[in-house]
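To start, the structure itself, in structure tokens.
Rule-based calculations on the coordinates, nothing more; no lab input. Bear in mind that the values here come from a model prediction, so they are computed numbers and not experimental data. Ideal geometry is used to build each Cβ from the backbone, glycine not excepted, and the neighbour counts take in all protein chains shown.
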Amino acid sequence: MNLSKSNEELLMAYNAGYRIEDGVIYNPKGKVLKGFIDNKGYNSFHATKDGPKVMVHRLVAYQKFGPEIFKHGLEVRHLDEDSENNEKDNIDIGTHSDNMMDQSEEARLATAINASNNIRKFTDDEMQMIRQDHKIMRSYRDVMALWDISSKGTLHHILNNKYVTTKCGEVA
């Protein structure tokens, strides 16, 4: 099995005797190890001075599921959405889709809005102006030329669909 450096570090930490019990990190001598919160909000620690970080939730998952956590397409999941809750009962493995469905509907909506805002060509205000221009011009061709829209389908979608925008529940 070809493992990433972080997964190799996780195995090294496990084989050296690092363990997580009730969300607490123990070093090989059984002493509590102070970890840190990484830039993505996960509890982590360093098992070696210069090695990559070991994410606590992944070590918990390894203790619970063994090498299955390394299977392609599987992710470690926090069932309650709290990335700092590394209790054994809160950790599971599953697909990316399973992981996304662990999030609340509001969190999934915010993620989708953020993703769509990164690829959208028009702002909410511009889409409103496109709708107004179409009411005045009454011509797909003219509106498409004015706004450099290359597809009738795109214009149709702008004219006939409401968009959920930057704030959850706010509709343009």
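Loop-resident trypsin sites (Lys or Arg not before Pro) (DSSP state other than H, G, I, E or B) in the range 19-111 with no more than 11 further Cβ atoms inside 10 Å of their Cβ: Lys29, Lys31, Lys34, Lys40, Lys49, Lys71.
Modelled label positions at Arg19 and Asp80, each set 7 Å beyond Cα in the direction of Cβ, lie 2.3 nm from each other. Using 1/(1 + (r/R0)^6) with R0 = 30 angstrom and r between the beta carbons of Lys5 and Lys88, what's the FRET efficiency to the nearest 0.05? Calculated transfer efficiency: 0.70. Each label point was placed 7 Å from the Cα along the Cα-to-Cβ direction; for Ser116 and Tyr26 their separation is 4.9 nm. Extension gain for Met137-His96 works out to 10.2 nm (0.36 nm per residue, less the C-alpha to C-alpha distance). Got a sec? Which residues in the range 1-26 would a label at Lys71 touch, if it sits 7 Å along Cα→Cβ and we count backbone N under 20 Å? So the set is 1-4, 7-8, 11.
In the chain, the calculated helix contribution to ellipticity at 222 nm averages -13000 deg cm²/dmol per residue, counting -39,500 (n - 2.57) for every DSSP H run with n ≥ 4. All C-alpha to C-alpha distances of the range 105-160, sorted into 10 Å bins beginning at zero, yield P(r) values of 22, 47, 22, 9 percent in whole numbers. Given that just one value was derived from the coordinates, which of (i) 156; (ii) 114; (iii) 128 is volume of the Cα convex hull per residue in Å³? Of the labelled values, this structure produces (i). Taken as Cα centroids, the range 112-164 and the range 17-63 sit 49 Å apart, rounded to the nearest whole angstrom.
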